1. Describe numerically, in nm with one decimal, the distance between label points set 7 Å from Cα along Cα→Cβ at Ala36 and at Met1.
2. Calculate one ³J(HN,Hα) per residue across the stretch 29-45 by plugging θ = phi - 60° into the Karplus curve 6.51 cos²θ - 1.76 cosθ + 1.60, and present them in order as whole Hz with x for glycine and proline.
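Each value in this text was obtained by applying a stated rule to the coordinates, not by laboratory testing. All values reported here derive from a predicted model rather than from experimental measurement. Here the Cβ positions follow ideal geometry from the backbone for every residue, glycine too, while neighbour counts run over all protein chains shown.
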Amino acid sequence: MLWTLAVLLVVLWAAGLLASYTLHGFIHVLLLLAVAAVLIRIIQGRRPV
């Protein structure tokens with residue numbers, strides 16, 4: 001679940017970054033959320049289902 005969320009957020013970030021700079025810092029917030037989701041997954045140490 002978290003991996004799916006992380007991938008989705010990274011894709012949205014990349015799409016926004018390539019589209020234009022109209023969203024300013026919001027794009028980078030999406031990237032930070034994606035990284036946080038992956039780190040939480042790693043820290044929890046749960047195995048994929």
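1. Distance between the two pseudo-spin positions: 1.7 nm.
2. Karplus-based 3J(HN,Hα) across the stretch 29-45 equals 5, 4, 5, 5, 5, 5, 5, 4, 4, 5, 5, 4, 4, 5, 5, 5, x Hz.
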